[in-house]
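Step one of this worksheet: look at the structure below.
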Amino acid sequence: MTELFPADKIKQLQDLIADSKNITIITHVNPDGDAVGSSVGWQTFLKEQGVKSTVIVPNHFPNFLKWIKGSENIVVNYSEREKCENLLKNSDLIFCLDFNNLSRLNSIGQLIQSLDTKKVLIDHHVGTCENDFTLTFSKVPLSSTSEAVYEIIRGITKQTSVSQEIAEALYAGIMTDTGEFSHSCNSCLFRTVADLMDCGIDRNRIHSLVYGSFSENRMRLQGYCIHKKMEVLPEYKTAYISLTLNELDKFKFEPGDTEGFVNIPLNIKDIELSAFFVESKEGFIKVSLRSTGEFSVDSMARKYFNGGGHKNASGGKLYTSLDKAVSIFKSILPEYDELSTVV
């Protein structure tokens with residue numbers, strides 16, 4: 001059994017945990033399946049080791065993740081700001097999961113950065129700001145932070161099995177962050193999935209809870225996106241969708257309702273690049289990018305959209321109008337010759 005993270009690093013982590021009485025786990029803004037699954041899975045493992053901790057998220061997470069056992073105890077900074085600040089200020093160890101830059105947490109990230117508290121990063125994204133953290137566990141080839149958490153647990157326990165509760169949370173994180181195993185997958189990941197299945201999880205049930213419990217409004221919004229808002233640019237093997245705040249309001253948008261929409265255009269024959277633009281109440285445009293094959297959307301996100309991520313799944317944001325964001329995207333497509341149709 002090959003360990004992904006070195007034994008000496010695992011030992012450092014164990015020492016940090018042993019020396020800590022108040023532990024906080026925090027993840028990124030707009031928590032997705034991997035953010036929630038990895039955070040709750042890690043908290044559950046700590047609990048099983050006799051270590052108490054609290055999970056904080058900057059804002060609300062999707063309803064279709066609330067079946068995950070332990071998610072009911074998550075503290076949301078958006079609605080409990082004072083409580084979150086006190087938890088962080090009184091922490092002697094902070095785990096940062098599924099992001100690699102404290103700026104992704106907005107104002108609460110500034111607070112964490114100002115604290116002398118020891119911070120441990122568990123992540124899988126490109127471009128880690130190592131100076132922000134006491135200890136880092138980040139491997140870009142990993143599919144998800146949930147997979148990283150599993151590898152850390154395996155490094156600590158020297159076993160491939162975890163409790164069913166942990167396995168369900170981590171499986172949900174892996175499944176959602178790989179787009180139902182459509183990208184960022186390798187043989188090591190499927191061995192991990194097999195290990196989690198051996199822990200007694202019901203894979204079909206988890207899939208149904210995540211992807212089979214959408215609201216009517218969400219389904220109608222998806223139909224609207226496909227019928228009215230999807231633009232196809234065959235000359236660049238590209239398609240994109242954009243949504244305004246008014247359109248979101250029309251369909252009574254809830255957090256997580258647009259999860260996975262960026263993947264829809266990739267089901268069209270010969271489409272290799274998909275983009276999704278959403279207007280936010282915070283004044284920026286959220287940009288999601290997906291690609292197939294060898295085309296890297298990570299480099300595009302870094303160069304033009306103040307973001308990053310992975311080769312085939314990335315994102316960023318622009319403080320501009322929705323029309324301007326789409327215009328920028330369309331203007332850069334000629335630079336990427338590999339997307340152009342050969343005449």
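The values are calculated or read from the model by the stated rules, or taken from the named source; none is laboratory data. It should be emphasised that the depicted structure is a prediction, and the values quoted were computed from it without experimental measurement. Note: ideal-geometry Cβ built from the backbone for every residue, glycine included; neighbour counts use all protein chains shown.
Conditions (1) out of contact with any strand residue (DSSP E or B) (no Cβ under 8 Å at 6 or more places or on another chain); (2) at positive phi; (3) surrounded by 19 or more Cβ atoms within 10 Å (Cβ to Cβ); (4) not charged (D, E, K, R), marked per residue:
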residue: Phe276; (1), (2), (3), (4): no, no, yes, yes
residue: Glu282; (1), (2), (3), (4): yes, no, no, no
residue: Ser288; (1), (2), (3), (4): no, no, yes, yes
residue: Val297; (1), (2), (3), (4): no, no, yes, yes
residue: Tyr304; (1), (2), (3), (4): no, no, no, yes
residue: Gly308; (1), (2), (3), (4): no, yes, yes, yes
residue: Leu318; (1), (2), (3), (4): no, no, yes, yes
residue: Leu322; (1), (2), (3), (4): no, no, no, yes
Response to the item:
Scanning region 162-178 for residues that are touching a Leu at 6+ places or on another chain (Cβ under 9 Å) and either over 20 Å from Ile17 (Cβ atoms) or at pLDDT below 95 (or both) gives Ala167, Glu168, Tyr171, Ala172, Ile174, Thr176, Thr178
Worksheet item: For Asp270, all conditions in the list (1) buried (at least 17 other Cβ atoms within 10 Å of the Cβ); (2) on the phi > 0 side of the Ramachandran plot; (3) in contact with a Lys or Arg (Cβ under 6 Å, 6 or more places away or on another chain) hold save one; what is the number of the exception?
Response: (1)
Fill in: Of the criteria (1) more than 17 Å from His28 (Cβ to Cβ); (2) in contact (Cβ under 8 Å) with a residue 40 or more places away in the chain, which one Val149 fails
(1)
Practice prompt. Hand me the list of helices (runs of 4 or more DSSP H) wholly inside region 171-227 holding 2 or more residues that are of a type in the set (Ser, Thr, Tyr).
Written response: 187-197, 203-211
Worksheet, complete the sentence: Across (1) over 17 Å from the mean Cα position of the chain (by Cα); (2) under 27 Å from Asp15 (Cα atoms); (3) in a helix (DSSP H, G or I), Glu147 clears everything bar (1)
Worksheet item: From the residues in region 129-144 that are in a loop (DSSP other than H, G, I, E, B) and of a type in the set (A, V, I, L, M), which one is surrounded by the fewest Cβ atoms within 10 Å (Cβ to Cβ)?
Response: Val140
Practice prompt. Looking for whichever is over 23 Å from Val193 (Cα atoms) and among the basic types (Lys, Arg) here; the options are Lys119, Lys139, Lys158. Which one fits?
Written response: Lys119
Practice prompt. Those residues that are charged (D, E, K, R), farther than 30 Å from Lys324 by Cα, surrounded by fewer than 14 Cβ atoms within 10 Å (Cβ to Cβ) and touching a residue at least 24 places away in the same chain (Cβ under 8 Å), I need them from region 185-243; list them, please.
Written response: Asp198, Arg203
Worksheet item: Is it the case that Val126 is part of a strand (DSSP E or B) and touching a residue at least 24 places away in the same chain (Cβ under 8 Å)?
Response: no
